[in-house]
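Notes follow the structure.
The values are calculated or read from the model by the stated rules, or taken from the named source; none is laboratory data. Keep in mind it's a predicted model, so treat the numbers as computed, not measured. The accessibility values were calculated without ligands, DNA or RNA, using every heavy atom of the protein model including side chains. Shrake-Rupley method; radii C 1.70, N 1.55, O 1.52, S 1.80 Å.
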Amino acid sequence: MEEDNGTEPWHRSLQAMLDALNQTLHGVILHPSTPHNASTRAGRDDNAYLYILFVMTLFAVTVGSLILGYTRSRKVDKRSDPYHVYIKNRVSMI
């Protein structure tokens with residue numbers, strides 16, 4: 001009466017994966033027989049946030065210095081600019 005459409009194995013494997021994900025998210029250790037592997041991974045990634053913070057800081061300093069250098073270069077009154085030399089000479093003549 002009930003037809004098998006072939007999705008039962010897929011549904012069982014999906015349910016097993018979701019159960020494993022839920023256990024992982026809730027802090028349940030799935031394989032307690034390998035504590036050395038888990039501690040090695042945790043030890044390797046301990047300073048990952050420091051690396052990310054360092055890269056972001058380096059990027060921020062670089063972009064900030066570029067922006068600051070550009071805005072300061074635009075504000076500097078260039079004395080050798082021909083327009084300013086003309087205005088200075090013209091005003092001094094009057």
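Is it true that Thr24 is in a helix (DSSP H, G or I), modelled with pLDDT of 85 or more, open to solvent by less than 100 Å² (accessible area, probe 1.4 Å) and not charged (D, E, K, R)? No.
Residues of region 29-49 that are at pLDDT 65 or above and open to solvent by 80 Å² or more (accessible area, probe 1.4 Å): Arg44, Asp46, Asn47, Tyr49.
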